[in-house]
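The values are calculated or read from the model by the stated rules, or taken from the named source; none is laboratory data. Keep in mind that this is a model prediction, so the values were computed, not measured. Neighbour counts are summed over all protein chains in view; Cβ atoms, including those assigned to glycine, are modelled from backbone coordinates with ideal geometry.
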Amino acid sequence: MSFFLNLIPISADAVGDARHNSRSNCSTQRHHPATQAAKQSLFHAGMQAVTALFNNMAAPSTDPAMHALAAKVQTTNSAADVLHTVTSDWSRWSTAHYENMAALGGQTDTLQDRVVPALMAFNKFKASRGLDALRAALLSYARGVRAQGAIILLNEQTMVKDGLESHESELDQALPALGYS
């Protein structure tokens, strides 16, 4: 979380409280739409910052490897943007239809436990190997989000009739950007 402290003006105490609350045994708190939305937004802000950093680093550089790395970061960020849009839409729907939310589950544990640490490591070392680890973690998260979309489409017709979208086509377009074929 220290990476995010450099980007977002909040106190370390607030981050510690958020981390404690997100790790509590209270399932409703951990998977509450507001908690999920906050975690997703923090990750999305971090991805945007890393992308901007690499674009700024690559601009004056004559090193083709730096430009290739920046392009790969941009491609990864485009997939992260799709994931953020989809999960934000699901969170908004869940907030409006909280009584039906239990069937949705959540992917924020994968985001928090695997993707965020990979993003922090990549930001620290700024190397191709770190980007590959980030993309692998993000692909795992994307597969979970894609599976959730399929569950919505196949098993949650009442929710779909209430306006919940599966976002399968968007997710199918995002996966190849992370190396999924």
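Structure data summary
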{"item": "Boolean, Gly144 is farther than 22 Å from Met57 by Cβ and either crowded, with 21+ Cβ neighbours inside 10 Å or at pLDDT below 80 (or both)", "result": "no"}
{"item": "Entirely in segment 74-181, the helices (runs of 4 or more DSSP H) that have 2 or more residues that are within 21 Å of Ala37 (Cβ to Cβ) and not β-branched (Val, Ile, Thr)", "result": "116-125, 128-155, 168-174"}
{"item": "Single residue of segment 22-80 satisfying the filter (of a type in the set (Val, Ile, Thr) and at pLDDT 80 or above) that is farthest from Val145 (Cα to Cα)", "result": "Thr62"}
{"item": "Which listed residue is modelled with pLDDT under 95 and in contact with a Leu (Cβ under 7 Å, 6 or more places away or on another chain), from Leu119, Leu83", "result": "Leu119"}
{"item": "Residue in segment 42-63 that is buried (at least 19 other Cβ atoms within 10 Å of the Cβ), under 10 Å from the mean Cα position of the chain (by Cα) and farther than 25 Å from Pro176 by Cβ present", "result": "yes"}
{"item": "Some residue of segment 96-115 being surrounded by fewer than 16 Cβ atoms within 10 Å (Cβ to Cβ) and within 13 Å of the chain's Cα centre (by Cα)", "result": "yes"}
{"item": "Per-region count, segment 118-135, residues among the hydrophobic types (A, V, I, L, M, F, W, C) and touching a residue at least 40 places away in the same chain (Cβ under 8 Å)", "result": "5"}
